[in-house]
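The values are calculated or read from the model by the stated rules, or taken from the named source; none is laboratory data. Just so it is clear, the structure is predicted and the values come from calculations on it, not from any experiment. Cβ placement follows ideal geometry from the backbone for every residue including glycine, while neighbour counts extend to all protein chains displayed.
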Amino acid sequence: MLRLERRPTPSRLWTAATPVLAVIATMIAGGLLFALLGKPPVEAIRTIFWDPLFGQYASYSRPQLLVKAGPLILIAIGLSLGFRAQVWNIGAEGQYIMGALFGAAVGLAAYPADSVLLLPAMAVAGACGGFLWAMIPAILKTRFNTNEILVSLMLVYVAQHMMSAASFGLLRNPEGMGFPGSRNFQQYPAAFNGELIPGTGMHWGVVAAFCAVIGAYVLLSRHILGFQIRVAGEAPRAARFAGVSPALLTSVCLGISGALAGLAGLFEVTGPAGQITTDFASGYGFTAIIVAFLGRLNPFGILLAGLLMALTYIGGELAQLMLNLPAAAIQAFQGMLLFFLLAFDVLANFRLRLAKGARA
Amino acid sequence: MIGSIDPILLIASLMVASTPILLAALGELVVEKAGVLNLGVEGMMITGAIAGFIAAVETGSPFAGFVAAAAAGAALSLIFALLTQFLLSNQVATGLALTLFGIGFSALIGQGYTGIRPPATPRLDLGPLSDLPVIGPILFRHDPMVYVSLALVVAVGLFLRRSRAGLILRAVGESHDAAHALGYKVVRIRILAILFGGACAGLGGAYLSLVRVPQWTEGMTAGAGWIALAIVVFASWRPGRVLAGAYLFGGVTVLQLNLQAAGVAIPVQYLSMAPYLITILVLVVISADRSRAALNAPAALGKSFHASS
Amino acid sequence: MNRRTLLKGSAAALAAVGLARPALAQEPLKIGFIYVGPIGDLGWSFQHDQGRLAVEEEFGDRVETVYLESVPEGADAERAMTQMALQGCKLIFATSFGYMDPVINVAAKFPDVMFEHATGYKRADNVATYDARFYEGRAVMGTIAGRMTKSNKIGYIGSFPIPEVIQGINSTFIHARKVNPEVEISVVWAYTWFDPAKEADAAKALIEQGVDVILAHTDSTAPLAEAAKTEGVIGFGQASDMLDFAPSPRVSAIVDNWAPYYIDRVQKMLDGAWTSTATWGGIGEGEVQIGEITSAVPEEVKAEALALADAIAKKEYHPFTGPLNKQDGSAWLAEGETADDATLAGMNFFVEGISGDIPS
């Protein structure tokens, strides 16, 4: 019988090796799945993992990886700070939506403004939107001891309904021929978050994501707040003796993650998505939770996890196009990848030991 | 205009509309009482919906369909159980992955089953009871699964409150370390709870594809699993209140559609938010009173357990 | 000057400039389709995919088709279409309204690739638009509904309050009233294109209000399945034929038939005669088909309905012919006057006799 024995500290070797193992395992299991569907397994795997990076049209798909990964990374970085401190914000999707709504509302209220300050003002509004939405679970948690997992999740649904109401009402494009949805920011230069250098996929949201990665790394390794976050997560009692206020820490963690999610929403709506519609939110906020864990709550890990996630989206699309794989197969494949990544994670924190009966 | 809505029919139809989320929420309640948060309800529901549909179509028996749905939901939840209980993966992330996988997997195996009519699930014939005024249409004219869901509410309630096994389950959910110290098999108990939750979610899904819609289409649960999660919280982890919560959530949808049908102008989006806001309010009320909160919310919810001693 | 003649003029001008490009004879023409839902939805996306299959059938080796299903509107759609263009697609059908701005963006980058956008209103040299006059089919359904109802109450499940749906409701009601002055219509907005459980609930709510004819503008068969549970209630297939529910409750159907349009456009590409056009076809063009009227409908009603369909097909009759007033009683169309396409495309009012407001 195998048994697990907790390592005193997570193994560095295994922390690095497990994602590789998991990807290999997924390739094998996914290959079997594709073979069952009557598709060439090796070609399918190559199309998903290789072609977007080094294939014929990689010069297009590589920047697209950044576009897809940007919001995931930005949100996941914020979430990871909270997760480290045992503050469970799983409502990033709602904060992402509210950020987009707040920011878009500022931009659309000023229409047709032509000021270089507009986009920054919208970014501030977006961050505020996400921040305020995250403050609801924070205040309820600190005041009434309400579970933040559940409140933040409930607020996702409220935000989704608000977005639907906004795209039919307040933010609806007056020139939209009666269709739901706001004006398109791509045709509103002062508010448009376009590519900074053409052909690179870099827009302000991606820049913000990279800044967040570095910022989080510095925060966690150098700053007192980062220390408090880590202590609160690893040894809550010790943290209290060290003078960390749990209420303040909860608010700070939720606030940062909400603001970053809101920022991600704003940059997405003013850039790649272009407009507020009923279908604007495509689950980035939930996917980012997975990204945070895949990245083991480490800033650089999250960067890689976000890019890997984006790779499966874009590669999956290519596989659909070139091999006629159904979209459902790609979704199941992504699910499998996540299962393997989560499963192999155990090796970083535990040692596998052969149990020797009662003597152990 | 509102007067044209028949309250008796309204109640009867909200019971049917609420049955899928009631079943799924009851399962999740037991899972959470054991201290496990499984966010994969949506994935398990839709897997149950297609598994039940396939079994019912292939055998011609809705009963076989429901059995298969429960088995499929439980099978999918087993992945979650293995990952979170043996490999100690994070429950939130694993649950989300389970939903992603379940939606894709169900669409994949359901490809040959779109556009088929499943065998009809007959209404239970309760003879003269069905003809009783008022309570006849409300209580005695449903299909068997409505009664199964109601019986399950009672059964889960009795199990958690009165039985020894229920007591142990709650103990595990409160403090796995203490339960472990007392010699209970924390992991085994949690796995059983997760399987039960999966089976219930599967049943709820099959109720959608076999009775309520009845049809298989990709993505047909359309968020019902997430509502089930909300209901558990709304109910503050009590089976009786799960029933009330499911009927409230199902009822708001049915009511707003009925109001529209009766010609009453209502702001649909704002009304649709209401149950979630009420849920938050309920959470605040029960959490603010710490002595009562302790009785309901499982203290070890969402935390991994590893017997390190 | 109405929108249609304007468009025709500009299209002719474009053709004159010589935008037609002959395709290479030896290589198959590669055609891409992007769908907003899964092709297994049995509704909107399913019918477009039927059109794709019809193209394959018609042209055999001369074409090669690829598709992407469940593509969210916004950034993902833009990437999906770019990938298609890079993979060598020369003609791309984008089959949802929300793809409008992405289509325009991608089309600007690939002037050699022709785009066809369903239900939109933005065009370019290499972007054509197409839509179907579903309201023509609704006129036929309305006639059957008016004749068949015993309670004089018909119900309409609307998806979203957008012009296409409002046209359908008005057309249904006008023609039901024409044959049955007592008839009333109840409208329920489901705020979804696709949620079988909710659609079933909506149908049920209508039936409980005494409605005995149900029309749905949402895409699943759930309303028909619900109608089947109550004796005497009938309904119609929507988007696809839904023959599983014939002869009753499904007494007829309004079928989106994209095949003739797709075949025509592909033929034009092969001939090098493709130009940017705005097509709005109806029963006459074969884009809207009336599904078989079953034995549950009396012969004389069937004959009347078919005669109406025939008159519409031959352009002898326009479903929106005056005298017609708007809901508030103000005059809309004078005796014998027909609605122009621009008004229809932006329709945001009910006609006189319908109670209830369009939500905004």
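Give me the residue from segment B:211-222 that is out of contact with any Leu (no Cβ under 7 Å at 6 or more places or on another chain) and either more than 7 Å from chain C (Cβ to nearest Cβ) or touching a residue at least 40 places away in the same chain (Cβ under 8 Å) (or both) and, out of that set, surrounded by the most Cβ atoms within 10 Å (Cβ to Cβ).
B:W216
Would you check which residues across segment C:105-137 are surrounded by fewer than 21 Cβ atoms within 10 Å (Cβ to Cβ) and part of a loop (DSSP other than H, G, I, E, B) and list them?
Across segment C:105-137, the qualifying residues are C:F110, C:P111, C:D112, C:Y121, C:K122, C:D125.
Select from segment C:202-226 the residues that are touching a strand residue (DSSP E or B) at 6+ places or on another chain (Cβ under 7 Å) and free of Cβ contacts under 8 Å to residues at least 40 places away in the same chain and write down the one among them that is farthest from C:P249 (Cα to Cα).
C:A205
Filter segment A:73-105 down to the residues that are farther than 17 Å from A:S164 by Cβ and either touching a strand residue (DSSP E or B) at 6+ places or on another chain (Cβ under 6 Å) or hydroxyl-bearing (S, T, Y) (or both) and list them by number.
The one that is farther than 17 Å from A:S164 by Cβ and either touching a strand residue (DSSP E or B) at 6+ places or on another chain (Cβ under 6 Å) or hydroxyl-bearing (S, T, Y) (or both): A:S80.
From the list A:A264, A:A273, which one is closer than 30 Å to A:L170 by Cβ, at pLDDT below 90 and surrounded by 16 or more Cβ atoms within 10 Å (Cβ to Cβ)?
Answer to the check: A:A273.
Can you name every residue in segment C:175-198 that is buried (at least 22 other Cβ atoms within 10 Å of the Cβ) and farther than 25 Å from B:I266 by Cα?
Result: C:H175, C:A176.
If you go through segment C:320-360, how many residues are in contact with an Asp or Glu (Cβ under 6 Å, 6 or more places away or on another chain) and either under 29 Å from C:Y130 (Cβ atoms) or hydrophobic (A, V, I, L, M, F, W, C) (or both)?
So the count comes out to 1.
So which helices (runs of 4 or more DSSP H) stay within segment C:241-360 end to end and still have 2 or more residues that are within 14 Å of chain A (Cβ to nearest Cβ) and hydrophobic (A, V, I, L, M, F, W, C)?
Output list reads C:341-345.
Condition first: within 20 Å of the chain's Cα centre (by Cα) and within 14 Å of chain C (Cβ to nearest Cβ). Can you find one or more residues in segment A:246-265 that meet it?
So far as segment A:246-265 goes, yes, one or more of its residues are within 20 Å of the chain's Cα centre (by Cα) and within 14 Å of chain C (Cβ to nearest Cβ).
Which pairs do you get when a residue that is without any contact (Cβ under 8 Å) to a residue 12 or more places away in the chain, found in segment A:302-313, comes within reach of a residue that is assigned to a helix (DSSP H, G or I), reach meaning Cβ atoms under 7 angstrom, with the pair 6+ apart or on two chains?
From residues that are without any contact (Cβ under 8 Å) to a residue 12 or more places away in the chain, there are no pairs.
Which condition from (1) in contact with a Lys or Arg (Cβ under 9 Å, 6 or more places away or on another chain); (2) surrounded by fewer than 23 Cβ atoms within 10 Å (Cβ to Cβ) is the one that B:A193 breaks?
(2)
Does C:I185 satisfy the criteria of being within 14 Å of chain B (Cβ to nearest Cβ) and within 21 Å of C:L333 (Cβ to Cβ)?
When the stated conditions are applied, C:I185 passes them.
For segment C:245-287, enumerate the residues that are under 30 Å from B:P118 (Cβ atoms), of a type outside the set (F, W, Y) and buried (at least 19 other Cβ atoms within 10 Å of the Cβ).
C:A246, C:P249, C:R250, C:V251, C:S252, C:A253, C:I254, C:V255, C:D256, C:N257, C:A259
Just give me the residues in segment B:83-96 being at pLDDT 90 or above and at the interface with chain A (Cβ under 8 Å from one of its Cβ atoms), in sequence order.
If the condition is that a residue be at pLDDT 90 or above and at the interface with chain A (Cβ under 8 Å from one of its Cβ atoms), then B:L83, B:T94 are the ones that fit.
Of the residues B:V148, B:V172, which is β-branched (V, I, T), in a helix (DSSP H, G or I) and crowded, with 23+ Cβ neighbours inside 10 Å?
B:V172 is the lone residue from the list that is β-branched (V, I, T), in a helix (DSSP H, G or I) and crowded, with 23+ Cβ neighbours inside 10 Å.
For segment A:331-346, which positions are closer than 17 Å to B:I109 by Cβ and more than 7 Å from chain B (Cβ to nearest Cβ)?
Answer for segment A:331-346, where residues must be closer than 17 Å to B:I109 by Cβ and more than 7 Å from chain B (Cβ to nearest Cβ): just A:F333.
Return the residues of segment A:5-48 that are within 17 Å of B:F105 (Cβ to Cβ) and polar (S, T, N, Q); say none if nothing qualifies.
Scanning segment A:5-48 gives a single hit, A:T26.
Each row is one residue, and each column tells you yes or no for (1) within 14 Å of another protein chain (Cβ to nearest Cβ); (2) at pLDDT below 90.
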position: A:A76; (1), (2): yes, no
position: A:G99; (1), (2): no, no
position: A:D114; (1), (2): no, yes
position: A:A125; (1), (2): no, no
position: A:N145; (1), (2): yes, yes
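If B:G225 satisfies all but one of (1) within 18 Å of the chain's Cα centre (by Cα); (2) modelled with pLDDT of 90 or more; (3) surrounded by fewer than 21 Cβ atoms within 10 Å (Cβ to Cβ), what's the number of the condition it fails?
B:G225 satisfies every listed condition except (3).
Under the condition of being part of a loop (DSSP other than H, G, I, E, B) and within 7 Å of another protein chain (Cβ to nearest Cβ), which residue from segment A:149-182 is surrounded by the most Cβ atoms within 10 Å (Cβ to Cβ)?
The extreme case among them is A:P180.
What's the number of the only condition in (1) free of Cβ contacts under 8 Å to residues at least 12 places away in the same chain; (2) not in a helix (DSSP H, G or I) that A:P272 fails to meet?
Going through (1) free of Cβ contacts under 8 Å to residues at least 12 places away in the same chain; (2) not in a helix (DSSP H, G or I) one by one, A:P272 breaks only (1).
Could you list all residues from segment A:158-171 that are without any contact (Cβ under 8 Å) to a residue 12 or more places away in the chain and touching a helix residue (DSSP H, G or I) at 6+ places or on another chain (Cβ under 8 Å)?
Across segment A:158-171, the qualifying residues are A:H161, A:A165.
What are the residues in segment A:149-176 that are modelled with pLDDT under 85 and under 24 Å from the mean Cα position of the chain (by Cα), if any?
Within segment A:149-176, A:I149, A:L150 qualify.
Which residues, counting only those in segment C:62-76, are touching a Leu at 6+ places or on another chain (Cβ under 9 Å) and either facing chain A (nearest Cβ under 7 Å) or not basic (K, R) (or both)?
C:V63, C:E64, C:T65, C:V66, C:Y67, C:L68
Looking at A:A208, A:A239, which one is closer than 23 Å to A:A105 by Cα, away from chain B (no Cβ under 14 Å) and part of a helix (DSSP H, G or I)?
Checking each option against the conditions leaves just A:A208.
Quick grid of which residues meet (1) at pLDDT below 90; (2) over 19 Å from the mean Cα position of the chain (by Cα); (3) part of a helix (DSSP H, G or I):
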{"position": "C:I157", "(1), (2), (3)": "no, no, no"}
{"position": "C:V165", "(1), (2), (3)": "no, no, yes"}
{"position": "C:R177", "(1), (2), (3)": "no, yes, yes"}
{"position": "C:Y191", "(1), (2), (3)": "yes, no, no"}
{"position": "C:I214", "(1), (2), (3)": "no, no, no"}
{"position": "C:F236", "(1), (2), (3)": "no, no, no"}
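Out of the residues in segment B:228-275 that are surrounded by 20 or more Cβ atoms within 10 Å (Cβ to Cβ) and of a type in the set (V, I, T), which is farthest from the other protein chains (Cβ to nearest Cβ)?
B:V242
Taking segment C:35-77 on its own, how many of its residues are farther than 17 Å from A:A327 by Cα, of a type in the set (A, V, I, L, M) and assigned to a helix (DSSP H, G or I)?
4
Considering B:L96, B:L100, B:L76, B:L39, which residue is in contact (Cβ under 8 Å) with a residue 12 or more places away in the chain, part of a loop (DSSP other than H, G, I, E, B) and on the phi < 0 side of the Ramachandran plot?
B:L39
What is the number of the single condition among (1) within 25 Å of A:G255 (Cβ to Cβ); (2) more than 10 Å from chain B (Cβ to nearest Cβ) that A:L140 does not meet?
(2)
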